[in-house]
Structure formats: C-alpha cells, structure tokens
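J.: Take this structure first; my questions come after.
The values are calculated or read from the model by the stated rules, or taken from the named source; none is laboratory data. Just so you know, these numbers come straight off a predicted model, no measurement behind them. Please note: Cβ atoms are built from the backbone with ideal geometry, for glycine as well, and neighbour counts cover all protein chains shown.
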Amino acid sequence: MSQLIISDLKVGYKKNEVIHGLNIEVNSGERVALLGANGAGKSTVLKTISGLLTPNEGSIRFNGDDIGGSSPADIVDRGIVHVPEGRRVFPALNVEDNLKVANYRKGPESLAEGLESAYAAFPILEERKKQPAGLLSGGQQQMLSLARAIIAKPKFLLIDEMSLGLAPLLVKEFYQTLDSLFSSEISLLLVEQNAGMALAHCSRFYVIRNGDLVLQGDSEEYRDDPTRLQPAYLGQ
Ligand SMILES: Nc1ncnc2c1ncn2[C@@H]1O[C@H](COP(=O)(O)OP(=O)(O)OP(=O)(O)O)[C@@H](O)[C@H]1O
Ligand SMILES: [Mg+2]
C-alpha cells in the first residue's frame, strides 16, 4: 500500500506562505500529475512531502500516518523517494559513488542488486561509472537522478520536472523508462512543465496557481488538447 492524502496543507518559507490550504490525494498505484505555471508552488509541495519543509498547518498522511514534518531520512525509510528538480547529483563524486550514496539506507547487501538494475536501465552510466557526475551531460545527469531513485526502491515516487531542458527524443525515452522500470504498484506524483507528457503518463491531474488548487480532473479528458489547461494555469 502507498496512499498519500494531503489535507489543508499550508506551507512556505519563513513568513512567506506559498501553499494556502491544499488538498491532494494519490491512491496506491496511482499516477498523478501536479501541474501549474512557474512559481505556482509545485516544488514546494514535493519538498514538504519529502520532509525538506515543515507544514505550517494541515496534514500529510502516508498509509494513515501523519508524516508532515518528519525528517527526510524517516520519509525515505517509509519508501517515499524524491527525484528533485535540477538533477541534484553530487558533481564531485563519481557516478558509482552517487549511486552508492543513494543506497546507504538500504544496507550493503542490496547494493550489488541495486547497481545492476540501475545499470541495466541506463547502460551509459556503467560505462561512465568512474567519471565525476558533474562531467556528465544534462541528459545523463537526469539518468543518474532516476538511477538513484531506482536504487532506493521506492513505494512512492515524487518526480520534479524530469524533462526540463532535455531534447524531446530523450524526454520520450525517459518516460518509457519510467513506465517500464517502476511497476504499477508504485504510486507517482509527477511535477511537469510539459502538460502533454504528464497527461499521457498520469491518470489524474491537479493544477495549482499561486498556491491554490484551481482545477483537478481525469487526464483522459484533456489528452487530445492539453492547451485547454492553460486558462487554469494562467487564471484567465
Ligand atoms: N528557498 C526559497 N525561499 C524563499 N522562497 C522560495 C524558495 N523556493 C521557492 N520560493 C518561492 O515559493 C514560490 C513557489 O516556488 P516553487 O519553487 O514551489 O514553484 P514551482 O511551481 O515549482 O515553480 P517552477 O515551475 O519554476 O519550478 C515562488 O514564489 C518562489 O519564489
Ligand atoms: Mg519547481
């Protein structure tokens, strides 16, 4: 089971409240997109779920437990794994060490298997395993970010802007990898600028604007023409 229920969440940075009472639900095995314009608060929501920010009000329940304000380590232990915006790899560490760090809560016995599945997904990472991650191309750094998530064996995956700045062909490849790698039991909350891509890979979506929920629905209704979401993004 991996169900997340966010209720009346208010959170921000010091006195600057960014999310003003958000309600979002992701059921076990569901893939849900969190959409919105730049600065809407999407990353802030993911950072709060993964324990980097503490809610001011409201609750975040994972399988019934309120995890709001728990430490990032506790949240990873529960199986919630965050692939952050901007390919946060450790640039000075080599590729393999980046992967080893992602495994540290799993214990050494699962490392070999984890590395094997990561390299099977992205063979180029094995070829470059001794190179500093900072020397990889943007696409390869994104592969490394995803490979780190594979190693962490998530029950619930948070992915922030996986396709930003990547060539369309590579984006398509990433989404195919995502579909094949992470089984249907893993729940996904996906933040994406590319609404078409998000709708294609998620069954439901939420749109937030200035920290408020402005639209939610079934992706199916918008797949033919994702531009119909624009008024919600922009408040028109
Ligand atoms: N570390 C921070 N300190 C203070 N304010 C922040 C910080 N990070 C984000 N904000 C503010 O919070 C608001 C929401 O930012 P957030 O990064 O969550 O938006 P987003 O929807 O992820 O945008 P983008 O699509 O550009 O990634 C913005 O007004 C932003 O300026
Ligand atoms: Mg963001």
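J.: Kindly indicate whether any position in the stretch 90-106 is within 15 Å of ligand 1 (Cβ to nearest atom) and either outside the structural domain of Ile186 (by TED's automatic domain parsing) or more than 19 Å from Ser145 (Cα to Cα) (or both).
T.: Step one: filter the stretch 90-106 for residues within 15 Å of ligand 1 (Cβ to nearest atom), giving none.
No; the residues of the stretch 90-106 include none that is within 15 Å of ligand 1 (Cβ to nearest atom) and either outside the structural domain of Ile186 (by TED's automatic domain parsing) or more than 19 Å from Ser145 (Cα to Cα) (or both).
J.: Tell me yes or no: at least one residue of the stretch 14-22 is farther than 20 Å from Gln142 by Cα, outside any loop (DSSP other than H, G, I, E, B), assigned by TED's automatic domain parsing to the domain that holds Leu166 and within 13 Å of ligand 2 (Cβ to nearest atom).
T.: Applying the first criterion (farther than 20 Å from Gln142 by Cα) to the stretch 14-22 yields 14-22.
Then keep just the ones that are outside any loop (DSSP other than H, G, I, E, B); that gives 16-22.
If we keep only those that are assigned by TED's automatic domain parsing to the domain that holds Leu166 as well, we get 16-22.
Filter once more, keeping what is within 13 Å of ligand 2 (Cβ to nearest atom): 18-19.
Yes; the residues of the stretch 14-22 include at least one that is farther than 20 Å from Gln142 by Cα, outside any loop (DSSP other than H, G, I, E, B), assigned by TED's automatic domain parsing to the domain that holds Leu166 and within 13 Å of ligand 2 (Cβ to nearest atom).
J.: Let me ask another. Tell me, please, whether a residue that is touching a strand residue (DSSP E or B) at 6+ places or on another chain (Cβ under 9 Å), under 30 Å from Ser110 (Cβ atoms), of a type outside the set (A, V, I, L, M) and not assigned by TED's automatic domain parsing to the domain that holds Asn94 can be found in the stretch 193-213.
T.: yes
J.: Give me the residue from the stretch 152-170 that is crowded, with 19+ Cβ neighbours inside 10 Å and among the small types (Gly, Ala, Ser) and, out of that set, nearest to the chain's Cα centre (by Cα).
T.: Only one residue tops the list, namely Ser163.
J.: I'm trying to understand the selection: among the residues of the stretch 35-62, which are in contact with a helix residue (DSSP H, G or I) (Cβ under 7 Å, 6 or more places away or on another chain) and either more than 24 Å from Ala73 (Cβ to Cβ) or modelled with pLDDT under 95 (or both)? Write out each step before concluding.
T.: If we filter the stretch 35-62 for residues that are in contact with a helix residue (DSSP H, G or I) (Cβ under 7 Å, 6 or more places away or on another chain), which is where we start, we get 35-37, 50-53, 55, 60.
Of everything in the stretch 35-62, those that are in contact with a helix residue (DSSP H, G or I) (Cβ under 7 Å, 6 or more places away or on another chain) and either more than 24 Å from Ala73 (Cβ to Cβ) or modelled with pLDDT under 95 (or both) turn out to be Leu35, Gly36, Ala37.
J.: Give me the pairs, please: first residue somewhere in the stretch 121-140 and more than 17 Å from Lys172 (Cα to Cα), second residue anywhere and of a type in the set (A, V, I, L, M) and loosely packed, with under 15 Cβ neighbours inside 10 Å, beta-carbon distance under 7 Å, and either six or more positions apart or on two chains.
T.: Pro132/Ala92; Gly134/Ala92
J.: On to the next question. Please indicate, with yes or no, whether at least one residue in the stretch 25-32 is surrounded by 16 or more Cβ atoms within 10 Å (Cβ to Cβ), β-branched (Val, Ile, Thr), under 14 Å from the mean Cα position of the chain (by Cα) and more than 16 Å from ligand 2 (Cβ to nearest atom).
T.: Scanning the stretch 25-32, I find at least one residue that is surrounded by 16 or more Cβ atoms within 10 Å (Cβ to Cβ), β-branched (Val, Ile, Thr), under 14 Å from the mean Cα position of the chain (by Cα) and more than 16 Å from ligand 2 (Cβ to nearest atom), so the answer is yes.
J.: The conditions are (1) exposed (fewer than 12 other Cβ atoms within 10 Å of the Cβ); (2) at pLDDT 90 or above; (3) farther than 22 Å from Met162 by Cβ, and Glu220 fails exactly one of them. Which is it?
T.: Single failed check for Glu220: (3).
J.: Could you please find all residues in the stretch 198-222 being assigned to a helix (DSSP H, G or I) and over 14 Å from the mean Cα position of the chain (by Cα)?
T.: Leu199, Ala200, Ser219, Glu220, Glu221
J.: Another one. Given the criteria away from ligand 1 (no atom under 16 Å from the Cβ), outside any strand (DSSP E or B) and not β-branched (Val, Ile, Thr), does Ser7 qualify?
T.: On the way: away from ligand 1 (no atom under 16 Å from the Cβ): yes; outside any strand (DSSP E or B): no; not β-branched (Val, Ile, Thr): yes.
It is false that Ser7 is away from ligand 1 (no atom under 16 Å from the Cβ), outside any strand (DSSP E or B) and not β-branched (Val, Ile, Thr).
J.: State all residues of the stretch 18-41 that are closer than 15 Å to Leu190 by Cβ and either of a type in the set (Val, Ile, Thr) or in contact (Cβ under 8 Å) with a residue 24 or more places away in the chain (or both); if no residue qualifies, say none. Step through it out loud before you land on a result.
T.: Of the residues in the stretch 18-41, the ones closer than 15 Å to Leu190 by Cβ are 24-27, 29-36, 40.
Ile24, Val26, Asn27, Gly29, Glu30, Arg31, Val32, Ala33, Leu34, Leu35, Gly36, Ala40 - these are the residues of the stretch 18-41 that are closer than 15 Å to Leu190 by Cβ and either of a type in the set (Val, Ile, Thr) or in contact (Cβ under 8 Å) with a residue 24 or more places away in the chain (or both).
J.: In the stretch 38-77, which residues are over 15 Å from the mean Cα position of the chain (by Cα) and within 16 Å of ligand 2 (Cβ to nearest atom)? So that I can check it myself, show each step before the final result.
T.: Of the residues in the stretch 38-77, the ones over 15 Å from the mean Cα position of the chain (by Cα) are 38-40, 53-71, 73-74, 77.
If the condition is that a residue be over 15 Å from the mean Cα position of the chain (by Cα) and within 16 Å of ligand 2 (Cβ to nearest atom), then Asn38, Gly39, Ala40, Leu53 are the ones that fit.
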